[in-house]
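**Student:** Just dropping this structure here.
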Amino acid sequence: VMPAYAENVNTGVEGLTADSSGSATWTTSGGTITGSVKASSSSGCSGPTYTAQTGTLTFTNSYGGTALLSFNYTVSLAGGSATVDGVNAEGGSFSKALNAGDTVAVAITSNAADSTATTITISNLKLTAEANVDVTFKAPTNGSYTVDGAAVSADTVKTVKTTDSVALAATAASGYKFYCWYSNTDNAILSMKASDSLSFNKDQEVVAKFV
């Protein structure tokens with residue numbers, strides 16, 4: 001599977017356009033996009049008065065077909081707020097399958113008390129074209145887990161779309177605790193949540209690790 005993206009292409013990725021509106025400033029550096037917004041202020045006899053400001057970055061799938069938009073992000077709210085696709089954002093990761101022309105909005109709003117900025121930093125931004133991949137879920141030891149509600153007791157190969165997510169749920173055996181979902185293919189931790197939904201953009205081997 002060839003991910004439909006290219007690094008350091010303006011404020012987005014190949015096949016993904018990004019348009020800003022409102023009062024936030026959006027900058028790109030090292031493959032990340034950072035948005036920052038501050039309250040506006042005016043002077044008065046009793047001191048400055050602050051008014052909250054909002055800025056929005058809207059991603060549009062211009063790839064020409066269905067694709068999975070995914071990214072990681074961190075936020076510094078400083079009394080303000082942030083939303084990703086209309087949901088309150090406190091940091092983490094985001095993924096959503098988009099048809100051609102679909103959009104996802106990232107919005108940040110400052111506080112109305114001082115000039116401290118509300119910021120959001122987006123990294124690992126990708127747009128992955130829809131395709132089928134084979135994921136091998138390895139038989140667990142020291143615990144059990146399910147894939148889309150089905151128990152895995154032996155090595156199991158599941159064909160999934162790159163634009164879909166797979167629901168995983170792990171339960172540790174007595175004397176153990178869940179540690180992570182791990183990709184043997186990439187030698188990397190995929191998630192440290194016992195119950196999570198993950199998307200896969202290539203063939204790989206996955207296992208639940210217990211300690």
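The values are calculated or read from the model by the stated rules, or taken from the named source; none is laboratory data. Owing to the predicted nature of the structure, the values given are computational and were not obtained by experimental measurement. Counting neighbours? That spans all protein chains shown, and the Cβs are built from the backbone with ideal geometry, glycine included. The protein model used for the area step is the full one, side chains on, heavy atoms only, and it has no ligands, DNA or RNA in it. Shrake-Rupley method; radii C 1.70, N 1.55, O 1.52, S 1.80 Å.
**Student:** Can you confirm whether region 161-182 contains a residue that is in a strand (DSSP E or B) and basic (Lys, Arg)?
**Tutor:** If we filter region 161-182 for residues that are in a strand (DSSP E or B), which is where we start, we get 161, 166-172, 178-182.
In the following step, the residues that additionally are basic (Lys, Arg) were identified as 161.
Looking through region 161-182, at least one residue is in a strand (DSSP E or B) and basic (Lys, Arg).
**Student:** So which of Asn142, Asn99 is in contact with a strand residue (DSSP E or B) (Cβ under 6 Å, 6 or more places away or on another chain) and polar (S, T, N, Q)?
**Tutor:** Answer to the check: Asn142.
**Student:** Does region 99-117 hold any residues that are under 19 Å from Ser20 (Cα atoms) and under 19 Å from the mean Cα position of the chain (by Cα), and which are they?
**Tutor:** Asp102, Thr103, Val104, Ala105, Val106, Ala107, Ile108
**Student:** Read through the list (1) surrounded by 15 or more Cβ atoms within 10 Å (Cβ to Cβ); (2) modelled with pLDDT of 95 or more, then give the number of the only condition that Ala18 fails.
**Tutor:** The single condition Ala18 does not satisfy is (2).
**Student:** Moving on. Among the residues that make up region 42-65, is at least one of them at pLDDT below 90, open to solvent by 30 Å² or more (accessible area, probe 1.4 Å), more than 30 Å from Asn201 (Cα to Cα) and part of a strand (DSSP E or B)?
**Tutor:** There is at least one residue in region 42-65 that is at pLDDT below 90, open to solvent by 30 Å² or more (accessible area, probe 1.4 Å), more than 30 Å from Asn201 (Cα to Cα) and part of a strand (DSSP E or B).
**Student:** If you don't mind, there's one more thing I want to ask. What tally of residues in region 192-211 results from selecting those that are surrounded by fewer than 18 Cβ atoms within 10 Å (Cβ to Cβ), modelled with pLDDT of 95 or more and under 15 Å from Val135 (Cα atoms)?
**Tutor:** Final tally of qualifying residues: 3.
**Student:** Out of region 82-110, which residues are part of a strand (DSSP E or B), free of Cβ contacts under 8 Å to residues at least 40 places away in the same chain and open to solvent by 50 Å² or more (accessible area, probe 1.4 Å)?
**Tutor:** Val87, Asn88, Ser93, Lys96
**Student:** Here is a check on your reading of the model: is Ala78 within 18 Å of Asp114 (Cβ to Cβ), in contact with a strand residue (DSSP E or B) (Cβ under 7 Å, 6 or more places away or on another chain), without any contact (Cβ under 8 Å) to a residue 60 or more places away in the chain and part of a loop (DSSP other than H, G, I, E, B)? Full working, then the answer.
**Tutor:** Values: within 18 Å of Asp114 (Cβ to Cβ): yes; in contact with a strand residue (DSSP E or B) (Cβ under 7 Å, 6 or more places away or on another chain): yes; without any contact (Cβ under 8 Å) to a residue 60 or more places away in the chain: yes; part of a loop (DSSP other than H, G, I, E, B): yes.
Yes.
**Student:** Now for a different question. If we keep just the residues of region 61-98 that are more than 21 Å from Ser23 (Cβ to Cβ) and β-branched (Val, Ile, Thr), which is nearest to the chain's Cα centre (by Cα)?
**Tutor:** It comes out as Val87.
**Student:** Could you tell me how many of the residues in region 161-191 are under 23 Å from Leu127 (Cβ atoms), open to solvent by less than 40 Å² (accessible area, probe 1.4 Å) and out of contact with any Asp or Glu (no Cβ under 8 Å at 6 or more places or on another chain)?
**Tutor:** Of the residues in that region, 2 qualify.
**Student:** Looking at region 124-142, can you tell me whether even one residue there is of a type outside the set (Lys, Arg), under 27 Å from the mean Cα position of the chain (by Cα), more than 21 Å from Asp203 (Cα to Cα) and modelled with pLDDT of 95 or more?
**Tutor:** Looking for residues that are of a type outside the set (Lys, Arg), under 27 Å from the mean Cα position of the chain (by Cα), more than 21 Å from Asp203 (Cα to Cα) and modelled with pLDDT of 95 or more, one finds none in region 124-142, hence no.
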